[in-house]
C-alpha cells in the first residue's frame, strides 16, 4: 500500500497531495535553455513546444530562447496549477531586439477577454514592462515598471502571497496589490513565451528578442533576495579604485556571453579582447568596456586612480561616513577606503557608542559586515579607531560613522 504524505503540494482548493518518493511534488520549474534544451532542469514540467522551430542564441550566460517577432514563439505545459498555488515567485530575463512596438513577453491566458489571466508585455516606447493580472474586466491589476535603458538584459519578477501580489523590474520594487481574495487562473489557460492570445501569429506584436532563465518557485522571494541573486549581467563588478603606481587591477565581471568585447583605451590592458583583463595603468584612467550581442550594445566603465608614492600623506586615512548593510550588494561592508597608504595595519577596531568593541582586525583587506555576535547591529552611530604604520611612523585615526538599514 502506498504511504501518502501529508504535504500539500499544490493549492488547498485543488486538494492535490504529494505521494511518497514514487511521485515527486511538481511545484517548481526552471528553464535555462543551455545547450538549446527546451526541458525543465528539475523535470517537473514537460518540454516547451516551439510554434515553428527552435532558435537559440547567446543568452545571459550560455544559450537563450530566440523569438523572431513573427512566427517563432513557444508554448508551455498547462501551468494553471502552478499559478493557483498560495505562494510563488515567477521570474525571467529578456533582451529585446525590436524597440518599435508593444510586444508580448509571457502569458497564461484562455483568450483575450481578460478572464482569469496573467500576462507580461514589453512597452519599448516608454521603456517599461507591464504586468496584468485579472479575474474579469473591471477586476484586475495593471502595473508598469521602468527598465534600465543602459542595460541589454532585463529581469522581471512577480510574487504572490495569498491575495497579495508584488512586481519587480530589474531588481527594483515596482508595486504591490492586495485583492483581498486571490485572482484565479482560468483552467483552460494556455501558457506562452513571446506570445499571447491577444496577438495574431505572424504579426509584429509577438516578441522580438531573447528569453532566458524562466523560473518558478513555490515560495515568495523578497526584494533583498532577488537583489542578492542578481548576477549583474554584462556589468563590471569592480568599484572605482585607487592604486599605487606600478600596481595592477584584476577586472571582475558579471555573467555575459557577449560575442564582442572592446576596451577603450587599451593602454595598460593585458588582453583587450577579454571580459576580465588585468589592467596596469601608467596614470589615472577611466576604462570603458563595450559588449555587443544579439543586436544590443552596452557600455560600462571603471575608474582607476593611480597614486604616486611621492605624494603620500600618511595622515589622510579615508573612512566612509556611512554604510548600509542591507544585502543589496552596494555599500554592504565597512572598511578603510585607501588602505594602500598603510605599510602595516596594527589594529582596525569598531566600537558601539557605549565603547563596546564590536569588531577588530589587523588585516588590511578585512571589513565589517555589520554583524555582532551573530546579530545585525542596529542603525545608529558607531566609532572606529585605526592604528597603522605609514612611512615608518605610527599613525592613529579616530572618527564616527553611521549605520543605516
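For this structure, a couple of remarks:
- Scan of the stretch 276-301 for residues that are under 11 Å from residue 266 (Cα atoms) and not in a strand (DSSP E or B), ordered by number: 277, 280, 281
- Condition met for residue 27 (modelled with pLDDT under 90 and surrounded by fewer than 16 Cβ atoms within 10 Å (Cβ to Cβ)): no
Yes/no per residue for (1) out of contact with any strand residue (DSSP E or B) (no Cβ under 7 Å at 6 or more places or on another chain); (2) within 25 Å of residue 160 (Cα to Cα); (3) free of Cβ contacts under 8 Å to residues at least 12 places away in the same chain:
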site	(1), (2), (3)
43	yes, yes, no
54	yes, no, no
64	no, no, no
112	yes, yes, no
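- Test: residue 346 is assigned by TED's automatic domain parsing to the domain that holds residue 367, surrounded by 15 or more Cβ atoms within 10 Å (Cβ to Cβ) and over 30 Å from residue 35 (Cβ atoms): no
- Residue check, residue 220 in a loop (DSSP other than H, G, I, E, B), out of contact with any helix residue (DSSP H, G or I) (no Cβ under 9 Å at 6 or more places or on another chain), within 30 Å of residue 84 (Cα to Cα) and modelled with pLDDT of 95 or more: yes
- When the test is whether a residue is assigned to a strand (DSSP E or B) and surrounded by 14 or more Cβ atoms within 10 Å (Cβ to Cβ), residue 332 does not pass it.
- In the stretch 266-279, the residues that are touching a residue at least 12 places away in the same chain (Cβ under 8 Å) and surrounded by fewer than 17 Cβ atoms within 10 Å (Cβ to Cβ): 267, 273, 274, 276, 278
- Candidates in the stretch 186-204 are the residues that are in contact with a strand residue (DSSP E or B) (Cβ under 6 Å, 6 or more places away or on another chain) and assigned to a loop (DSSP other than H, G, I, E, B); of these, the one that is modelled with the lowest pLDDT is 199.
- The set of residues in the stretch 50-81 being in contact with a helix residue (DSSP H, G or I) (Cβ under 6 Å, 6 or more places away or on another chain) and either in a strand (DSSP E or B) or modelled with pLDDT of 95 or more (or both) consists of 56, 63.
- The stretch 114-133: number of residues that are farther than 20 Å from residue 72 by Cβ and touching a residue at least 60 places away in the same chain (Cβ under 8 Å): 4
- The set of residues from the stretch 115-156 being assigned to a loop (DSSP other than H, G, I, E, B) and buried (at least 19 other Cβ atoms within 10 Å of the Cβ) comprises 116, 147, 152, 153.
- Every condition in (1) assigned by TED's automatic domain parsing to the domain that holds residue 245; (2) more than 26 Å from residue 250 (Cα to Cα) holds for residue 359 except the one numbered (1).
- The set of residues in the stretch 171-185 being more than 16 Å from residue 134 (Cβ to Cβ) and either out of contact with any strand residue (DSSP E or B) (no Cβ under 8 Å at 6 or more places or on another chain) or free of Cβ contacts under 8 Å to residues at least 24 places away in the same chain (or both) consists of 176 alone.
- Filtering the stretch 78-101 to residues that are surrounded by fewer than 18 Cβ atoms within 10 Å (Cβ to Cβ) and more than 21 Å from the chain's Cα centre (by Cα) leaves 78, 81, 86, 98, 99, 100, 101.
- Total residues in the stretch 223-245, condition part of a loop (DSSP other than H, G, I, E, B), at pLDDT 90 or above and either surrounded by fewer than 16 Cβ atoms within 10 Å (Cβ to Cβ) or in contact with a strand residue (DSSP E or B) (Cβ under 6 Å, 6 or more places away or on another chain) (or both): 2
- All positions within the stretch 157-185 that are touching a helix residue (DSSP H, G or I) at 6+ places or on another chain (Cβ under 8 Å), closer than 23 Å to residue 211 by Cβ and not in a strand (DSSP E or B): 171, 185
- Residue check, residue 300 surrounded by 13 or more Cβ atoms within 10 Å (Cβ to Cβ) and touching a residue at least 40 places away in the same chain (Cβ under 8 Å): yes
- First in the stretch 226-251 and without any contact (Cβ under 8 Å) to a residue 60 or more places away in the chain, second anywhere and in a strand (DSSP E or B), Cβ under 6 Å, 6 or more apart: 248/278; 249/279; 249/304; 250/278
The values are calculated or read from the model by the stated rules, or taken from the named source; none is laboratory data. The shown structure was predicted, so the numbers you read here are calculated from the model rather than taken from an experiment. All Cβ positions, even for glycine, are placed from backbone atoms using ideal geometry, and neighbour counts span all protein chains on display.
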